[in-house]
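> A single structure is presented below for examination.
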Amino acid sequence: MKPVRRKILLCLMLLLIQACSDDSSPEDQIRRFVDSGVQAAEARSVDDLSELLHANFVDQQGHNDKQLARLLRAYFFRHKNIHLFSRIDNIEILSASQASVSLYVAMASTVISDVSALSSLSARIYRFELQLVKQGDWLLRHASWEPASIGAFE
C-alpha cells in the first residue's frame, strides 16, 4: 500500500474511533438518555422506548419489559397526542455502571411550551425515580413514580 493511502486510511480510522468514543460525563450521557426517552414517548414509539430498557427491567408494580411494552401500546392507542415537559431534579452516580435519577414529567395532549403553560393545561404531573445501569449505553433497570404537583417545576 502506498504511504499516502496508508496515511489516509490511518486518519479515517482515527476519526471513526474518535466519533465512536463518548468523552462526555456520565451526567451528560444520562441527560441524553432522558431526552431520548421523552422523544420516543412523544413519538409514541414502543420500540424506541423498549431499547432503553435493561433485560431485567421491573417497575414498582412488578411489570417486566414485555408487560410494560403492552401497557405502552394500550396507552398510545388511547392517547393520540402526547406532549411531555420534563425537569431532572437529581442525578446521582452510584458507581461507574449505576446511577439513579429523579425527575418530574408533565404530560398533556397539547404542546407544553414552558412552565407557565402548565397551569392553563390539564397536564398530569409525576415524579419518577429511575435506576439506571450502564452496559455500553445507560439502560433503565427499575422505575417508580407517583403523582406530583405543579410546584415541582417552580
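The values are calculated or read from the model by the stated rules, or taken from the named source; none is laboratory data. Please read all numbers here as calculations on a predicted model, not as lab measurements. Because the Cβ atoms are built from the backbone with ideal geometry, glycine has one as well, and the counts that use them run over all protein chains shown. Remember, those area values only see protein heavy atoms, side chains included, never the ligands or the DNA or RNA. Shrake-Rupley method; radii C 1.70, N 1.55, O 1.52, S 1.80 Å.
> Can you grab the distance from the C-alpha centre of region 87-154 to the C-alpha centre of region 22-56, Å, no decimals?
If we compute the Cα centre of each part, the gap is 12 Å.
> Something else: May I ask you to compute the full-extension gain from W145 to A43, defined as 0.36 nm times their residue separation minus their alpha-carbon distance, rounded to one decimal in nm?
34.6 nm
> Note the listed values [x] 1.02; [y] 1.29; [z] 1.13, then indicate which one is Cα Rg over 2.2 N^0.38 Å calculated from this particular structure.
Entry [y].
> Per 0.36 nm of contour for each residue apart, how much would the distance between A96 and L84 grow if the chain were fully extended, relative to their Cα-Cα spacing?
So the chain would gain 1.4 nm between A96 and L84.
> Check A148: other-chain or 5+ apart residues with amide H under 5 Å from its amide H, H built from backbone geometry?
Here I125, Y126, R127 satisfy the definition.
> Could I ask something else about it? Tell me the per residue accessible area of the chain using a 1.4 Å probe; a whole number in Å² is fine.
About 64 Å² of surface per residue is accessible.
> Another question, if that's okay. Would you please state which residues of region 125-154 a label at V115 would reach in this model, taking the label point 7 Å out along Cα→Cβ and a backbone N cut-off of under 12 Å?
Those under the cut-off are 150-154.
> Given labels modelled 7 Å from the Cα in the Cβ direction, how far is it in nm from R31 to H63?
Label-label distance for R31 and H63, simple model: 2.9 nm.
> Roughly how tilted is helix 26-42, in degrees to the nearest 10 and between 0 and 90, from the longest Cα axis of the chain?
60 degrees
> Based on Cβ point charges of +1 for Lys and Arg and -1 for Asp and Glu, what charge dipole magnitude is obtained for the chain about its Cα centre, in debye rounded to the nearest 20?
760 debye
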